[in-house]
Amino acid sequence: MQQLLPLKKKWVGTGVKRRESKRLVRGEGAYGDDIKVSNLHYIGIVRSPHAHARILNVDTSAAEKMPEEVAVFTAKDLKKDMKPGGHMLPYPAPDAKEWLPGTRLLWRYPLAGAKTHYVGEAVAIVVCKDMYSIEDAIEAVGVEYEVLPAVVDAEQAMKPGSPLLYEELGDNISYTFRYPEEGEDDELKAAFKSADKVVRGRFKQHRHTGTPMETRNVTANYDTHNETLTVWEGTQNPNFLRMQLTKVLGIPEAKIRIIVPNTGGGFGIRCFGYDESFLIPYVAYKIRKPVRWTENRMEHFLATGHAREQIHDYEAAVKKDGTIIGLRDRIIVDGGAVNVYWASWRSTAFNLPGPYKIQNLSVDLYGVFTNKTPYWSYRAFGKLDADVAMERIIDHVARELTLSPIQVRVRNFVKKHEFPYETATGAVLDSGDYDVAVERALKLIDYDKFREEQTELRKGGRYVGFGLVMCFEPTGAGGIVGVRPGYEPVRFSMTPTGDIIIETGSCSQGQAHETTLAQVVADELSVDPDRVVVLENDTMYHPYGFGAYSSRFSINTVPAAVVAARKAKEKIFQIAGFKLGLEPLDLTVEDGVVFSKKNPERRITLSEVARVAYLGADEFPPGIEPGLEVLAYFKGPTIGKKGKRKGTLNIFSTYPYAVHAAIVEVHVDTGKIDIRKYAAFHDCGTVINPKVIETEHMGSIAQGLGGALYEELVYDKDGQLLTTTFMDYHIPTFLEMPNVLFDHTETPSPFTPLGTKGGSETGTVGPPIVIAQAVEDALSQFNIVITETPLTMDRIWAKIKGAGTKPH
Amino acid sequence: MKVRVNGEEVEAEVEPRLLLAHFIREKAGLTGTHVGCVSGKCGCCTVIVDGEPVKSCMMFSVQANGSDVLTIEGLGKDGTMHPIQEAFWESDALECGFCTPGMIMAAYALLNKNPTPTEQEIRRGMVGNLCRCTGYLNIIKAVQSASEKIRGVK
């Protein structure tokens with residue numbers, strides 16, 4: 001694909017202020033719970049206090065007697081009115097088996113019926129006239145449970161004799177993915193035979209999640225006059241929700257409208273439909289009154305998706321020089337009680353080789369049912385889990401071969417001249433220069449100076465260490481049949497008075513879509529960005545797109561806007577040419593004026609062209625339609641491309657990356673880790689707004705830091721979640737976030753018109769792996785190996801104590 | 001009960017258990033103050049009550065009877081922006097904006113007490129406000145910039 005940069009790159013690459021911020025700093029952003037609706041009724045949810053139980057009876061009589069109570073619903077009501085669903089599909093789909101290979105199919109209702117499978121699962125709904133009465137009504141609903149033994153460990157859940165969540169399945173396997181499909185190939189077996197060494201190990205990642213500052217809320221109203229159901233939800237996929245609601249509730253899709261209000265953070269956690277996404281619209285439809293449900297923070301910890309809990313059992317066949325010639329990974333995912341988000345796990349298998357040339361690979365992945373909150377899609381969903389494992393495997397290999405971790409990475413990297421590169425899993429890596437990123441990161445953190453310092457500090461009894469890792473993040477998810485189309489639409493319109501309107505099928509939870517799209521279109525048409533209005537978030541009016549996740553905005557929506565703007569520009573030049581009596585090829589546009597390249601005094605403003613397009617009946621070229629509205633699409637050209645090996649295909653468009661480096665100090669008497677220096681060197685292709693990208697990266701790194709050191713979702717053996725407030729679940733505060741040395745290169749993707757790759761998912765990957773490596777370096781005298789996250793003080797302290805050797 | 005919110009009197013009959021945060025949002029109709037956790041940890045609900053920063057989800061509205069409450073809507077008059085709001089905007093100190101009103105009110109309180117805070121003093125002074133989007137570094141820059149703007153230094 002030709003790299004066609006716009007005429008004059010004035011706005012793309014500039015750190016303009018976000019226009020969204022203007023209303024947000026004034027407290028004028030209308031988030032879901034802020035939207036004023038008259039006659040609003042409030043919904044409360046009765047939730048299961050047990051991890052695993054039969055539901056014997058739900059007694060709503062006391063609740064129904066309360067004066068403030070308006071309605072109560074249980075699973076019995078749902079079964080009468082609703083179709084069952086599941087698995088992210090507009091369901092139930094007759095070809096679900098084909099669309100969901102490897103998934104154990106479970107069609108369910110959004111209220112627990114015969115059984116409950118996790119603490120926090122929705123069991124009944126109460127509706128009241130005022131907000132605070134909900135608490136009273138919830139208490140008044142009496143549920144009789146027969147408590148069953150819970151299983152909270154994935155490996156235990158896989159053993160025969162384990163409590164079964166879904167007896168009809170006969171076991172607790174929720175999803176399987178195997179690569180290669182037909183079993184290991186001879187090349188892999190040969191690699192293990194010819195290896196100089198086989199490195200075996202296990203790495204465990206723990207359960208944590210995104211916790212955006214705004215909890216979930218859903219508002220719904222069924223308007224009987226135009227028979228339209230309107231739902232306000234901060235979902236990342238409004239049209240998917242619409243498709244699912246039509247199947248489940250039976251209301252025509254054309255009569256369902258999803259509005260995405262200002263949303264307080266998504267991070268993947270707001271993707272797809274939760275039970276409440278169906279329950280609240282259902283209630284609105286049934287009682288014909290506007291209703292709202294607002295999650296409190298404890299509910300959020302229990303009922304909004306968790307992530308990252310995986311075990312990787314690996315063996316790597318290696319050569320003495322550090323080349324990894326074969327890799328096997330058996331992955332166990334603790335998937336929680338419902339297997340909605342299998343796509344995360346598929347992505348783990350897909351991303352395993354990362355930026356490394358490991359063509360002999362086998363992956364054996366099991367998603368497992370446990371009596372815990374369902375596993376969802378948290379930033380860098382599934383792919384981060386693979387990154388973390390791969391980077392730890394590399395560090396293990398380095399240790400076994402007494403090579404430096406940097407050496408082994410560089411030895412196995414895909415090289416600059418080898419792009420586009422197809423990995424063993426079918427990933428088509430678009431472009432990059434990983435070696436340069438490593439060099440630049442080392443410079444950024446002043447590596448040479450550190451090694452001198454380390455020797456001195458060690459003499460003084462201080463344990464300082466260095467780490468450097470690769471953060472590899474495929475972006476632009478698509479190509480999974482039936483579920484994730486790899487494209488986005490944009491509608492470009494110029495109004496008769498010359499304003500530009502850009503409409504997308506995306507939505508923002510803080511990613512500055514309005515600002516960055518205006519910059520892109522401003523460059524395409526050579527106008528001021530203030531002239532470009534960006535509209536999204538309303539399925540009734542905007543083109544049919546698939547929402548924001550996996551950094552798809554930069555990879556699909558921005559390119560679609562470029563395509564639309566260029567098509568519009570063609571038409572503008574045709575109309576302008578006709579008016580001026582010139583050939584369109586002779587024309588160019590600058591600062592809102594179209595003029596002749598040969599004779600610049602022959603000119604016409606864009607606004608005048610717009611007037612002609614809509615209102616100038618006889619000033620119009622023949623054969624051209626009136627108006628200036630263009631609907632365009634962009635699909636990543638490599639999305640869905642079948643790989644060399646059977647069953648493989650490319651499911652991400654572009655492949656940004658980052659190299660993180662860190663210098664840490666470990667206090668051996670407490671296990672505390674101090675970050676002395678942190679450097680992030682990234683490449684996400686062409687950057688539209690460097691200020692936005694930098695802020696996003698810092699937020700991403702903060703989340704990674706939380707996952708590395710502080711955040712942990714802890715269950716007891718009965719499946720009770722012990723961490724349900726910010727007092728127990730520690731997200732980083734002002735005091736934990738270090739200053740970050742930050743720099744980047746821009747290696748454009750050949751697969752998007754501006755070379756954009758999207759995103760700041762790489763930041764989240766870095767901290768757990770770079771800190772683990774740095775801690776191992778700091779404590780090298782103790783021979784400490786980090787085999788699990790998080791790296792909490794007590795765990796590090798225990799490792800030091802357990803090492804048995806005295807420091808010298 | 002009666003409260004002066006941003007200089008205007010708001011009178012309402014309330015349940016004893018009504019939180020100040022909900023009074024501000026529902027009775028005074030000012031939805032700029034957000035509720036993020038209802039347990040006093042995240043700071044999204046920070047407002048100024050009688051000159052002191054308060055997490056309004058940790059106070060019953062009746063406890064504010066007769067008091068002066070300043071919310072985000074009370075900063076910047078007649079369409080102008082308070083220097084702290086300008087500084088947040090210019091320093092790109094927000095993304096989703098949900099924690100932002102609470103952050104700005106906390107910064108307001110901090111700068112009132114300490115007009116020239118160091119980086120460490122800002123980190124400590126604002127530790128009661130959580131953000132999940134920005135990683136805090138730009139917020140620190142924004143508070144430093146706001147300090148300069150307020151003092152007329154630049």
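The values are calculated or read from the model by the stated rules, or taken from the named source; none is laboratory data. All values reported here derive from a predicted model rather than from experimental measurement. Here the Cβ is made from the backbone with ideal geometry for all residues, glycine too, and neighbour counts use every protein chain on show. The protein model used for the area step is the full one, side chains on, heavy atoms only, and it has no ligands, DNA or RNA in it. Shrake-Rupley method; radii C 1.70, N 1.55, O 1.52, S 1.80 Å.
Side notes on the structure shown:
- For the range A:1-58, the candidate set comprises residues that are open to solvent by 90 Å² or more (accessible area, probe 1.4 Å) and among the aliphatic types (A, V, I, L, M); within that set, the residue that is modelled with the lowest pLDDT is A:MET1.
- Pairs where the first residue, in the range B:60-72, is within 14 Å of chain A (Cβ to nearest Cβ) and the second is open to solvent by 40 Å² or more (accessible area, probe 1.4 Å) and polar (S, T, N, Q), C-beta under 9 Å, 6+ apart: B:VAL69/B:ASN6; B:LEU70/B:ASN6; B:THR71/B:ASN6
- Matching residues in the range A:714-729 - criterion: being in contact with a Leu (Cβ under 8 Å, 6 or more places away or on another chain) and of a type in the set (Val, Ile, Thr): A:VAL714, A:THR723, A:THR724
- Members of the range A:201-214 that are outside any loop (DSSP other than H, G, I, E, B) and within 14 Å of chain B (Cβ to nearest Cβ): A:HIS208
- Test for A:ASN239: is it outside any strand (DSSP E or B) and open to solvent by 60 Å² or more (accessible area, probe 1.4 Å): no
- Residue, nearest to the other protein chains (Cβ to nearest Cβ), within the range A:11-23, restricted to residues that are over 18 Å from B:ASN6 (Cβ atoms) and not in a loop (DSSP other than H, G, I, E, B): A:SER21
- Output for the range A:641-676, where each listed residue is acidic (Asp, Glu) and either open to solvent by 40 Å² or more (accessible area, probe 1.4 Å) or within 27 Å of the chain's Cα centre (by Cα) (or both): A:ASP669, A:ASP674
- The set of residues in the range B:37-55 that are facing another protein chain (nearest Cβ under 7 Å) and among the polar types (S, T, N, Q) contains only B:SER39.
- The residue list B:CYS44, B:CYS37 contains one member that is touching a Lys or Arg at 6+ places or on another chain (Cβ under 6 Å), among the hydrophobic types (A, V, I, L, M, F, W, C) and crowded, with 23+ Cβ neighbours inside 10 Å, which is B:CYS37.
- Condition met for A:THR747 (over 30 Å from A:GLN156 (Cα atoms), open to solvent by 30 Å² or more (accessible area, probe 1.4 Å) and not in a helix (DSSP H, G or I)): yes
- Summed over the range A:695-728, the residues that are touching an Asp or Glu at 6+ places or on another chain (Cβ under 9 Å) and facing chain B (nearest Cβ under 8 Å) give a count of 6.
- Restricting A:GLY183, A:GLY210 to those that are of a type outside the set (Asp, Glu) and either farther than 30 Å from B:GLY135 by Cβ or without any contact (Cβ under 8 Å) to a residue 60 or more places away in the chain (or both) reduces the list to A:GLY183.
- Count of residues meeting criterion [facing chain A (nearest Cβ under 8 Å), on the phi < 0 side of the Ramachandran plot and touching an Asp or Glu at 6+ places or on another chain (Cβ under 9 Å)] in the range B:81-98: 4
- Filtering A:THR211, A:THR246 for residues that are of a type outside the set (Asp, Glu) and modelled with pLDDT of 95 or more leaves a single hit, A:THR211.
- Residue match in the range A:393-408 (condition: open to solvent by less than 10 Å² (accessible area, probe 1.4 Å) and assigned to a loop (DSSP other than H, G, I, E, B)): no
- Selection of first residues in the range A:621-636 that are more than 17 Å from A:GLU608 (Cα to Cα) and of second residues that are surrounded by fewer than 17 Cβ atoms within 10 Å (Cβ to Cβ), restricted to Cβ pairs under 6 Å at least 6 apart or on distinct chains, gives the following pairs, ordered by first then second residue: A:VAL630/A:LYS567; A:ALA632/A:LYS567.
- The residue list B:ALA107, B:ALA87 contains one member that is within 26 Å of A:ASP33 (Cα to Cα), at pLDDT 95 or above and surrounded by 23 or more Cβ atoms within 10 Å (Cβ to Cβ), which is B:ALA107.
- Taking the listed residues A:ASN262, A:ASN226, the one that is modelled with pLDDT of 90 or more, in contact with a Phe, Trp or Tyr (Cβ under 6 Å, 6 or more places away or on another chain) and not aromatic (Phe, Trp, Tyr) is A:ASN262, with no other qualifying.
- Only listed residue being within 11 Å of chain A (Cβ to nearest Cβ), in contact (Cβ under 8 Å) with a residue 60 or more places away in the chain and not small (Gly, Ala, Ser), chosen from B:HIS34, B:HIS22: B:HIS34
Results for (1) at negative phi; (2) open to solvent by less than 10 Å² (accessible area, probe 1.4 Å); (3) under 21 Å from the mean Cα position of the chain (by Cα), shown as yes or no for each residue.
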residue: A:VAL318; (1), (2), (3): yes, yes, no
residue: A:THR323; (1), (2), (3): yes, no, no
residue: A:ILE331; (1), (2), (3): yes, yes, yes
residue: A:ASN351; (1), (2), (3): yes, yes, yes
residue: A:LYS357; (1), (2), (3): yes, no, no
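- Near pairs, Cβ below 8 angstrom, 6+ apart or cross-chain, from the range A:714-734 (under 23 Å from A:VAL151 (Cβ atoms)) to any residue that is aromatic (Phe, Trp, Tyr) and open to solvent by 20 Å² or more (accessible area, probe 1.4 Å): A:LEU721/A:TYR715; A:LEU722/A:TYR715
- Matching residues in the range A:409-435 - criterion: being among the hydroxyl-bearing types (Ser, Thr, Tyr), over 25 Å from A:GLU184 (Cβ atoms) and under 22 Å from the mean Cα position of the chain (by Cα): A:SER431
- Scanning the range B:110-143 for residues that are surrounded by fewer than 20 Cβ atoms within 10 Å (Cβ to Cβ), outside any loop (DSSP other than H, G, I, E, B) and more than 13 Å from every other protein chain (Cβ to nearest Cβ) turns up B:ASN112, B:LYS113.
- Qualifying residue in the range A:512-534 (condition: open to solvent by 40 Å² or more (accessible area, probe 1.4 Å), in a loop (DSSP other than H, G, I, E, B) and not small (Gly, Ala, Ser)): yes
- Elements of type strands (runs of 3 or more DSSP E) contained in the range A:116-200, each with 3 or more residues being surrounded by 15 or more Cβ atoms within 10 Å (Cβ to Cβ) and in contact with a helix residue (DSSP H, G or I) (Cβ under 7 Å, 6 or more places away or on another chain): A:122-128, A:173-179
- The set of residues in the range A:292-311 that are over 17 Å from A:PHE369 (Cα atoms) and in a strand (DSSP E or B) comprises A:ARG292, A:TRP293, A:THR294.
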